[in-house]
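Presented below is the structure to which this report refers.
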2 protein chains.
Amino acid sequence: MTSSNNDPVKPEKSPRVFKPDTQKKRQEALKNKRNRIMSAALMLFSKHGVNGTTVEQIAEAGQVSKSNLLYYFASKEQLYIEVIQHLLDVWLSPLKSFEAHQDPIETLSDYIKVKLTLSRDHPAESKLFCMEVVQGAPLLLNELESPLCELVDAKVKVINSWIEQGKLLPVDPYHLIFSIWAITQHYADFNVQITAVTGNDLNQPEFFNRTLASVKQIILGGITPQPQG
Amino acid sequence: MTSSNNDPVKPEKSPRVFKPDTQKKRQEALKNKRNRIMSAALMLFSKHGVNGTTVEQIAEAGQVSKSNLLYYFASKEQLYIEVIQHLLDVWLSPLKSFEAHQDPIETLSDYIKVKLTLSRDHPAESKLFCMEVVQGAPLLLNELESPLCELVDAKVKVINSWIEQGKLLPVDPYHLIFSIWAITQHYADFNVQITAVTGNDLNQPEFFNRTLASVKQIILGGITPQPQG
DNA sequence: GTCTATAATATGATAGAC
DNA sequence: GTCTATCATATTATAGAC
């Protein structure tokens, strides 16, 4: 990076053969470029769909040439697959964080907050996931189905145990989970409609907080046991 | 074109010049053909997106030739626009049916049922609407925004009046409406995921009823006033 | 109104120099 | 690794006969 090569167009690409960590830097640069491309692809895919996005548009947004992009990714489909797979990491993680020994209302409340925060901070991921599933998840389903079912089944058991302990009013755990997903993701996926109707979006802190409170109230209000007496 | 033309491929296209209602029949046939094409387009657009669907595929599904399709619709985009516009009729109608003088829980309950029934019986419409909005509703927004806002604002007033009368616990009306939309539409749009997780879909009557009951419980449970004492 | 070419273009992907 | 052609193909739309 300190070499005499100061090409302003690609400052990250000046590996010095003298340095011992050249290999590492090279790999980093490569990784960064791939990430940049994938990030650009995610954005564009989520806005215009996969088939509505050209390789050239992605290349431009990722600040590489079209053929250079195809050097890093064998094909557009391969790029799409990698973007989708990368999505799943972001997507499945929040569900892992709720456990039976915790207070159900608090746990569900946290989960709603995490999901709504995800909708605010990663709308492109939410939208692309949405479109993929809406269209039948041709790519996603094989990879998603098994881990998703396991995760959901585990959480269903947790919810059922809460109900048995009287900590939660009786409710179908599957539909409870679906409802939380549906509502929280709706604020990302349908943000255009929401903004059209309310004039607000989740990036406005007051609106975020109001939304969070309302969603909690609606979802949790019907399943919170009343204090006896 | 006279009665002797019994081409079996297109049985609906045999208008007899002798009959006085030839004009009418012709227009009907034309309308039917347009409807068939639009119906095929809706199905394919909802499955593969607009850009993932070719005119030829639509033509095949609609049982017309590609060039014949382009005789009825000036362009693919024009066809798409008409499909989307046709959607709105189906889409905005159910919201019209709730009024202030009715019982709120019953009214909201009916609305949820109507919306969930729509998800069961018109999943393609739901999905295409979803994809269009997710992608920013480039076509839809101009047409949708104004009538949607009016409708929503009117319903918000109804809900607020219910709350003032103590018939409904305090809740943000906008988020209540969004939540109902989100959950009910989720069962159409994400049906692949729901089937993957539960093994069921809304076309199974038991599952439909269980879903309806759960959604009602979750949505209405938190906003139904408790009987005093 | 319907069909068979065919034009016009867009786009994914490759070849080969550097 | 990156670039400049360029190929190969898919696809929208049109022209013109019937």
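Taking segment B:89-113, which residues are touching a Pro at 6+ places or on another chain (Cβ under 8 Å) and crowded, with 16+ Cβ neighbours inside 10 Å?
The answer is B:Y111, and nothing else.
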Quiz item: Could you count how many residues in segment A:175-196 are touching a residue at least 12 places away in the same chain (Cβ under 8 Å), more than 18 Å from A:Q217 (Cβ to Cβ) and facing chain B (nearest Cβ under 7 Å)?
Solution: 1
Exercise. Determine, yes or no, whether B:A137 is part of a loop (DSSP other than H, G, I, E, B), under 20 Å from A:C130 (Cα atoms) and touching a Leu at 6+ places or on another chain (Cβ under 7 Å).
Key: yes
Quiz item: Are any of the residues in segment A:41-50 within 11 Å of DNA strand C (Cβ to nearest atom) and either in contact with a His (Cβ under 6 Å, 6 or more places away or on another chain) or more than 17 Å from A:P123 (Cβ to Cβ) (or both)?
Solution: yes
Practice problem: Search segment A:51-80 for residues being within 9 Å of DNA strand C (Cβ to nearest atom) and of a type in the set (V, I, T), and hand back the single one that is nearest to the other protein chains (Cβ to nearest Cβ). | Solution: A:T53
Exercise. Could you grab me the full set of residues in segment B:205-218 that are under 14 Å from A:I223 (Cα atoms), touching a helix residue (DSSP H, G or I) at 6+ places or on another chain (Cβ under 6 Å) and not basic (K, R)?
Key: B:S214, B:V215, B:I218
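Out of A:N200, A:N209, report the one residue that is assigned by TED's automatic domain parsing to the domain that holds A:S119, part of a helix (DSSP H, G or I) and either surrounded by fewer than 20 Cβ atoms within 10 Å (Cβ to Cβ) or touching a residue at least 60 places away in the same chain (Cβ under 8 Å) (or both). So that I can check it myself, show each step before the final result.
Details: A:N200 fails: part of a helix (DSSP H, G or I).
Being assigned by TED's automatic domain parsing to the domain that holds A:S119, part of a helix (DSSP H, G or I) and either surrounded by fewer than 20 Cβ atoms within 10 Å (Cβ to Cβ) or touching a residue at least 60 places away in the same chain (Cβ under 8 Å) (or both) holds for just one of A:N200, A:N209, which is A:N209.
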Self-check item: Single residue of segment B:126-160 satisfying the filter (among the small types (G, A, S) and free of Cβ contacts under 8 Å to residues at least 40 places away in the same chain) that is surrounded by the fewest Cβ atoms within 10 Å (Cβ to Cβ)
Solution: B:S146
Quiz item: Can you find a residue in segment B:161-174 that is facing chain A (nearest Cβ under 8 Å), touching a residue at least 40 places away in the same chain (Cβ under 8 Å) and basic (K, R)?
Solution: no
Quiz item: Out of curiosity, is A:I218 within 11 Å of another protein chain (Cβ to nearest Cβ), among the hydrophobic types (A, V, I, L, M, F, W, C) and surrounded by 20 or more Cβ atoms within 10 Å (Cβ to Cβ)?
Solution: yes
Practice problem: Taking only segment A:131-144 into account, find how many residues are at the interface with another protein chain (Cβ under 7 Å from one of its Cβ atoms) and at pLDDT 90 or above. | Solution: 5
Quiz prompt | Top-ranked residue in segment B:55-94 [being within 15 Å of the chain's Cα centre (by Cα) and without any contact (Cβ under 8 Å) to a residue 12 or more places away in the chain; ranked as nearest to DNA strand D (Cβ to nearest atom)] | solution = B:D89
Practice problem: Of the numbered conditions (1) within 23 Å of B:C130 (Cβ to Cβ); (2) part of a helix (DSSP H, G or I), B:I105 fails exactly one; give the number of that condition. | Solution: (1)
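The values are calculated or read from the model by the stated rules, or taken from the named source; none is laboratory data. Since we're looking at a predicted model, the values are computed, not measured. Cβ atoms come from the backbone with ideal geometry, glycine included; neighbour counts cover every protein chain shown.
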